[in-house]
Amino acid sequence: MHPDSSLKENVTHGTEQNPITGIHFESGPGTDFPDHFFVARHWHPTVEILYITKGTYLFEINLEEYHLSEGDFCFLNGEDLHQITGMEPDTRHEVLIFDSRILEFTYHDEWQESVLSPFADKRKILPHFLRPTDEHYEELRTVLAQLMKLSLEQKNEWYVSCKLLLLHFINRMHEYGLLLSSDQNLSAGDELKIVRYKSLVSYMEQHYSRSITLQDLADLISCNPQYLCRFFREITGTSPMQYLISCRIEHACTLLTETTSPILSICLDCGFENVSYFIRKFKQTKGCTPKEYRNRHFRNENGNQFG
């Protein structure tokens, strides 16, 4: 998606039987992020733990910005709105993603009732950061580093070992008073702001092929069009209609490179009513026409090109 893209992540992490994922990320020449690491604003229901092993990053979490550097951990609770930017070309970090529900037991003992169930349903959450200067850092870092190593290597009974280490980690966080009540995370005003933002971008991502007006979007969050534009620009730096156009162009790019549909059909399928307007906006955004974009992609990726 384009740099301003913001949506609920539609990705399955792990498998249904083993819903834990370990990922290693690097940036720099020869990697998937040759200029710098960047993941656009999005959210997902799973918990994500990031360990910075090289470089400095700018994290946006629930519309607030934070800097993290080597040795820092970031905890993203389910539904946290976040964006991650590497501040240098050469950065490195590890990621562990899991569904908090895997830590629950069917027998509702005291620990299940007081810790595991509240964590699974997000009544208790992790703090956003753990830094080398924090108390208990070394003990918790050792547990998390082992977790990430097991999830990346996936040897033998790795999943069971990861699950046991996660339980141990959550228990330690509880013992040290580091698990937070969810009402400590956001003020009512901030939560409403994020809910409204998610509603808007989700609606545009899901209904980009239809006719959408400013009034439609304003009605979605119960405001007038003037407030909507101010609200959306404050968060994204762009207008809601410009975001919608960019969203439509990104979907057009996918159709141009993954199908042989005529450009006119793609124009209409992506919510543009006028092909001349579509081509003009596409060129403004991508620096080339839709036909040129299609030809370049297929020439570069598949060794052939469309006529």
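The values are calculated or read from the model by the stated rules, or taken from the named source; none is laboratory data. Fair warning: this is a prediction, and the values are worked out from it, not measured in the lab. Cβ coordinates were reconstructed from backbone atoms using ideal geometry, including for glycine residues, and neighbour counts include every protein chain displayed.
Filtering segment 194-203 to residues that are touching a helix residue (DSSP H, G or I) at 6+ places or on another chain (Cβ under 8 Å) and touching a residue at least 40 places away in the same chain (Cβ under 8 Å) leaves TYR197, LEU200, VAL201.
Within segment 10-28, how many residues turn out to be modelled with pLDDT of 95 or more and surrounded by fewer than 18 Cβ atoms within 10 Å (Cβ to Cβ)? The number of residues fulfilling the criteria is 3. The residues of segment 238-254 that are part of a helix (DSSP H, G or I), over 19 Å from the mean Cα position of the chain (by Cα) and touching a residue at least 60 places away in the same chain (Cβ under 8 Å) amount to a single one, ILE249. If you go through segment 171-180 one residue at a time, how many are under 15 Å from SER117 (Cβ atoms) and within 23 Å of the chain's Cα centre (by Cα)? The qualifying residues number 1. Checking each residue in segment 122-139 for being exposed (fewer than 15 other Cβ atoms within 10 Å of the Cβ), without any contact (Cβ under 8 Å) to a residue 24 or more places away in the chain and either touching a helix residue (DSSP H, G or I) at 6+ places or on another chain (Cβ under 8 Å) or in a helix (DSSP H, G or I) (or both) picks out only GLU138.
Of all residues in segment 196-209, at least one satisfies being on the phi < 0 side of the Ramachandran plot and over 22 Å from the mean Cα position of the chain (by Cα).
Just one of the listed residues (LEU150, LEU96) is farther than 30 Å from ILE221 by Cβ, in contact (Cβ under 8 Å) with a residue 24 or more places away in the chain and in a helix (DSSP H, G or I), and it is LEU150. Within the option set VAL143, VAL115, being in a helix (DSSP H, G or I), surrounded by fewer than 19 Cβ atoms within 10 Å (Cβ to Cβ), among the β-branched types (Val, Ile, Thr) and modelled with pLDDT of 95 or more holds for one residue only, VAL143.
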